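Asks: Here it is: the structure, laid out below.
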Amino acid sequence: MEPLADHPGRPSVVAVVGSPRVAGNTSYLVDVALDELVRAGLAVEKIMLSEYRVLPCEGHDDCEDLPVCPLDDDAGAILERMYAADGLILATPVYYEDVSGQMKVFIDRNCFNNYHEVWLQARSVGLIAVAESTGVDEAVDSLRRFVALSSDKKVKPLSVTGLAYRAGDAAGNGPLIAAVRDMARTMAAALRPEVVRD
């Protein structure tokens with residue numbers, strides 16, 4: 001994907017993926033969504049958390065008084081790009097009935113922004129959760145709570161959930177792919193009202 005800076009003036013969507021598998025089912029579905037958004041004329045960026053160094057929050061008692069988070073990792077740069085985006089996609093596989101560890105660590109790192117009243121600018125949010133059998137509702141609920149805590153305005157996230165037992169299963173699931181494309185089209189229409197949906 002091209003850097004968002006290469007597309008000034010176009011609505012931007014940042015996708016944050018909490019899967020350790022770069023080519024896994026969750027990542028594949030995010031690519032489907034981003035492809036749809038690009039076709040609608042939006043600028044997109046995909047962030048695979050597993051490719052970055054994101055340390056766990058250390059729960060500093062004086063977090064609200066600190067000028068910057070003292071943890072020296074990639075989280076600050078990711079948060080800066082994510083919070084500035086017009087649209088946001090959060091995607092996670094389901095591990096042990098909830099979001100992945102990578103996604104949970106990243107969610108916790110938003111505490112600094114919350115303490116400093118820095119809010120998501122996203123006007124449209126999409127959530128994707130993929131499970132082997134159960135836990136998608138719990139994972140989506142966790143992502144919804146995160147969006148609510150990180151926003152100073154009402155944003156009603158769209159969500160798509162599905163089952164994928166083995167790597168590659170999502171690519172053969174026509175209804176799931178169609179649902180992700182529809183979510184992306186709805187996001188595009190919200191971010192670019194001139195976009196006509198099929």
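The values are calculated or read from the model by the stated rules, or taken from the named source; none is laboratory data. As the structure is a computational prediction, the values presented were derived from the model and not from experiment. Cβ sites come from the backbone with ideal geometry, for glycine too, and all protein chains shown count toward neighbours. In case anyone asks, the SASA skips ligands and DNA or RNA and just uses the protein heavy atoms, side chains included. Shrake-Rupley method; radii C 1.70, N 1.55, O 1.52, S 1.80 Å.
Asks: Name every residue in segment 41-82 that is within 26 Å of ARG181 (Cβ to Cβ) and of a type outside the set (A, V, I, L, M), in order of residue number.
Replies: Across segment 41-82, the qualifying residues are GLY41, GLU45, LYS46, SER50, GLU51, ARG81.
Asks: For GLY174, all conditions in the list (1) out of contact with any helix residue (DSSP H, G or I) (no Cβ under 6 Å at 6 or more places or on another chain); (2) surrounded by 12 or more Cβ atoms within 10 Å (Cβ to Cβ); (3) modelled with pLDDT of 95 or more hold save one; what is the number of the exception?
Replies: (2)
Asks: Out of curiosity, is ILE107 outside any helix (DSSP H, G or I) and of a type in the set (A, V, I, L, M, F, W, C)?
Replies: In short, no.
Asks: In addition: Can you find even one residue in segment 68-89 that is in contact with a Pro (Cβ under 9 Å, 6 or more places away or on another chain), modelled with pLDDT of 95 or more, on the phi > 0 side of the Ramachandran plot and not polar (S, T, N, Q)?
Replies: no
Asks: Then there is this: Would a scan of segment 184-196 turn up a residue that is touching a helix residue (DSSP H, G or I) at 6+ places or on another chain (Cβ under 6 Å) and modelled with pLDDT under 95?
Replies: Yes - at least one qualifying residue is present in segment 184-196.
Asks: Next up: Which condition does VAL136 not pass, out of (1) surrounded by 14 or more Cβ atoms within 10 Å (Cβ to Cβ); (2) without any contact (Cβ under 8 Å) to a residue 40 or more places away in the chain; (3) of a type in the set (A, V, I, L, M), if it passes all the others?
Replies: The one condition VAL136 does not meet is (2).
Asks: Is it the case that some residue within segment 161-171 is among the charged types (D, E, K, R), farther than 18 Å from ASP86 by Cα, more than 17 Å from the chain's Cα centre (by Cα) and open to solvent by 10 Å² or more (accessible area, probe 1.4 Å)?
Replies: yes
Asks: When the residues of segment 64-77 are filtered to those that are among the acidic types (Asp, Glu) and not in a loop (DSSP other than H, G, I, E, B), which remaining residue is surrounded by the fewest Cβ atoms within 10 Å (Cβ to Cβ)?
Replies: Within segment 64-77, the match that is surrounded by the fewest Cβ atoms within 10 Å (Cβ to Cβ) is ASP65.
Asks: Anything in segment 5-57 that is touching a Leu at 6+ places or on another chain (Cβ under 7 Å) and among the hydroxyl-bearing types (Ser, Thr, Tyr)? List them, or say none.
Replies: Answer for segment 5-57, where residues must be touching a Leu at 6+ places or on another chain (Cβ under 7 Å) and among the hydroxyl-bearing types (Ser, Thr, Tyr): just SER12.
Asks: Assuming LEU149 fulfils every condition listed in (1) open to solvent by less than 10 Å² (accessible area, probe 1.4 Å); (2) of a type outside the set (Asp, Glu); (3) more than 19 Å from THR26 (Cβ to Cβ) apart from one, which condition is it?
Replies: LEU149 satisfies every listed condition except (1).
Asks: What's the total number of residues in segment 81-106 that are open to solvent by less than 60 Å² (accessible area, probe 1.4 Å), out of contact with any Leu (no Cβ under 8 Å at 6 or more places or on another chain) and over 23 Å from ALA167 (Cβ atoms)?
Replies: So the count comes out to 0.
Asks: Looking at ASP141, ASP61, can you tell me which residue is assigned to a loop (DSSP other than H, G, I, E, B) and free of Cβ contacts under 8 Å to residues at least 12 places away in the same chain?
Replies: ASP61
Asks: For the condition touching a residue at least 24 places away in the same chain (Cβ under 8 Å), in a loop (DSSP other than H, G, I, E, B) and within 12 Å of VAL16 (Cβ to Cβ), what is the one hit in VAL118, VAL30, VAL54, VAL125?
Replies: VAL54
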